[in-house]
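Undergrad: Dropping a structure here in structure tokens format, bear with me for questions.
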Amino acid sequence: MSSLPPSALIRRMTPADLDRVMEIAESLRDAPQWPRCAYLAALEPEAAPPRIAMVVEEPAAGMVAGFAVASLLPPEAELEMIAVAPAAQRRGLARQLFFSLAAELRTAEVFGIMLEVRAANQPALEFYRQLGFVETGHRPRYYHDPVEDAILMRLRL
């Protein structure tokens, strides 16, 4: 993967980003399809558990190209979602977004990240393995539409 383009910006997600964030999620078959209220809750500072939600923006294009959401359960966090718009994939944006998120998590005294991913989502599994995540278990028939197992993974920060 290439490095982050110089014009890209990684920042905290705001309510103004939600239309684009939802558009990106809807364009990806394997992305969780959260309702708007779930994203709003992720932005709420008093939410339990608290979350960190970030976006990667390409100012030259004038729009958000990807986003990530993690819930904090110190000393661990759960990566709930990381997604990049199809037209912006394979340019290193997800990797840089993850590294920025990991830095924020370390600041919040989080030292491990866990996640689950569809067993059939080979591109995501490979991405997480390249980041250093290791498989820790399975959840049979965890996902629906279609029914699939979940692979559990963990990374020490």
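Undergrad: Hey, any hits in region 38-54 for a residue that's closer than 24 Å to residue 146 by Cβ, assigned to a strand (DSSP E or B), at pLDDT 95 or above and not hydroxyl-bearing (Ser, Thr, Tyr)?
TA: no
Undergrad: Restricting to region 7-51, give me the number of residues that are free of Cβ contacts under 8 Å to residues at least 40 places away in the same chain and in contact with a Phe, Trp or Tyr (Cβ under 8 Å, 6 or more places away or on another chain).
TA: 2
Residues are listed down the side, and each one gets a yes or a no for (1) aliphatic (A, V, I, L, M); (2) within 17 Å of the chain's Cα centre (by Cα); (3) farther than 20 Å from residue 92 by Cβ:
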| site | (1), (2), (3) |
| --- | --- |
| 23 | no, yes, yes |
| 45 | no, no, yes |
| 49 | no, yes, yes |
| 56 | yes, yes, no |
| 63 | yes, no, no |
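Undergrad: With respect to the numbered conditions (1) modelled with pLDDT under 95; (2) among the hydrophobic types (A, V, I, L, M, F, W, C); (3) closer than 16 Å to residue 157 by Cβ, which one is the sole condition not fulfilled by residue 115?
TA: Looking at each condition in turn, residue 115 falls short on (1).
Undergrad: Could you tell me which residue of region 52-85 is surrounded by the fewest Cβ atoms within 10 Å (Cβ to Cβ), considering only residues that are hydrophobic (A, V, I, L, M, F, W, C) and under 17 Å from residue 156 (Cα atoms)?
TA: 73
Undergrad: Take the residues in region 108-157 that are polar (S, T, N, Q) and farther than 14 Å from residue 98 by Cβ; name whichever of them is nearest to the chain's Cα centre (by Cα).
TA: Out of the qualifying residues, it is 121.
Undergrad: Could you tell me how many of the residues in region 136-153 are over 22 Å from residue 112 (Cβ atoms) and assigned to a strand (DSSP E or B)?
TA: The qualifying residues number 5.
Undergrad: With the condition kept exactly as written, say whether any residue in region 83-92 is within 20 Å of residue 42 (Cβ to Cβ), part of a strand (DSSP E or B) and of a type outside the set (Asp, Glu).
TA: Taking every residue of region 83-92 in turn, at least one turns out to be within 20 Å of residue 42 (Cβ to Cβ), part of a strand (DSSP E or B) and of a type outside the set (Asp, Glu).
Undergrad: Looking at region 86-129 only, could you name the residues that are more than 20 Å from residue 52 (Cβ to Cβ), surrounded by 15 or more Cβ atoms within 10 Å (Cβ to Cβ) and in contact (Cβ under 8 Å) with a residue 12 or more places away in the chain?
TA: Listed by number, the residues that qualify are 88, 91, 92, 118, 119, 121, 125.
Undergrad: Which residues, taken from region 128-152, are closer than 24 Å to residue 92 by Cβ and either modelled with pLDDT under 95 or small (Gly, Ala, Ser) (or both)?
TA: Result: 132, single match.
The values are calculated or read from the model by the stated rules, or taken from the named source; none is laboratory data. Predicted model only: the values in this text are computed from it and were never measured. Neighbour counts run over all protein chains shown; Cβ positions are idealised from the backbone, glycine included.
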